Amino acid sequence: MPVELRPIISITMDEFAQLGHFGYVSTRKLECSREETEIPYSYTVRLHLIDVDPPYVKEEMNDEEDLKRYNQLVTLGYSYGVYVDQKLVALAIAEPQYWNNTLLIWHLQVHERHQRKGYGKILIDKMADLARDNGLRAVTVETQNTNVAAVQFYMQCGFQIEGFDLSLYSNNDTRSEEVALYMRRKIPQHE
C-alpha cells in the first residue's frame, strides 16, 4: 500500500466522513483539583490518573462551520494529510500563532482502522518540521483530561502538559467535567 504525506489545500465534508468517527471512549481520566494555599495568590493544581465507571464517552462531529474554518486554515500551508492508496486516512490542520510564535494544531484525526501505524506521529513530526522551518518555537495542541489516550500519544511525540483551563467547556465542578489541557512540544532550532 503506497503511503503519501502531502499538503491539504482544501477539505470537503466527504473527506471528513472518510476519516470515520471523531470521538473517544475512556475508562480513565486525569482528575483535576485546584486548591488555594495559605500563601496569598498561591494555588496548587493536581492531575491524578483515575479509573472511571461508566466509561467517559465523547462524541464529536465535524460540522459545516468547522469545515468553513478549516478551509480557511489550510490555505496557510500548515495542514497535511496522510494518504493510503490515494485515500485520506489521517490529517492535521494547524495555524501559526504569531503573537506567541507557535504552531497550533486545531484538528488531528487518524481513521480508527489506521491508528497505531505511525500516521499520527508522521503528522506530528511534520508539524514540528514546519514550525522549525518557519522559525516558530513550539507546536501546541489542546486536548481533554478525559482523553488519556491522546495525552499519552502526545507525550510519546515529545509534548508536555504546560497549561489547563478549568472552565473552557463548562462552569461545573472540575472533578466531574472536562478540563482543557494545553500541551506543547518545544522546537529547538537544531532539532
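Summary of values
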read-out: Pair-distance profile P(r), taking every C-alpha pair of the stretch 1-142, with 10 angstrom steps and integer %; value: 10, 32, 30, 20, 6, 1, 0
read-out: Rounded to the nearest 10 Å², the accessible area of Met61 at probe 1.4 Å; value: 150 Å²
read-out: Tyr41, Tyr98, ranked by accessible area, largest first (probe 1.4 Å); value: Tyr41, Tyr98
read-out: Ranked order, Trp99, Trp106 - accessible area, probe 1.4 Å, largest first; value: Trp99, Trp106
read-out: The stretch 31-149, accessible surface, carbon-and-sulfur percent (1.4 angstrom probe); value: 47 percent
read-out: Percent antiparallel among DSSP beta bridges (both partners in the chain, rounded to 5); value: 90 percent
read-out: Whichever lysines have a C-alpha closer than 18 Å to that of Lys126, once near sequence neighbours (fewer than 8 apart) are set aside; value: Lys117, Lys186
read-out: Part-to-part distance (alpha-carbon centres) for the stretch 1-51 and the stretch 64-98, which is given in Å; value: 18 Å
read-out: Accessible heavy-atom area order of His48, His114, highest first, probe of 1.4 Å; value: His48, His114
read-out: Positive-end residue, the stretch 2-63 charge dipole about Cα centroid, Cβ charges, pick of Leu19, Pro55, Pro40; value: Pro40
read-out: Rounded accessible area per residue of the chain, 1.4 Å, Å²; value: 57 Å²
read-out: Loop-located trypsin sites (Lys or Arg not before Pro) in the stretch 111-191, at most 14 other Cβ atoms within 10 Å (DSSP); value: Arg116, Arg175
read-out: Kyte-Doolittle mean at least -0.5, axial Cα span of 18 Å or more - DSSP H helices of the chain; value: 119-133
read-out: Stretch gain in nm, segment Lys117-Arg6, where the contour uses 0.36 nm per residue and the Cα spacing is subtracted; value: 38.2 nm
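The values are calculated or read from the model by the stated rules, or taken from the named source; none is laboratory data. Nothing here was measured: the structure is a model prediction, and the numbers come from that model. Glycine also receives a Cβ, built like all others from the backbone with ideal geometry; neighbour counts cover every protein chain displayed. Heads up: the accessible areas ignore ligands, DNA and RNA and are worked out on the full protein's heavy atoms, side chains in. Shrake-Rupley method; radii C 1.70, N 1.55, O 1.52, S 1.80 Å.
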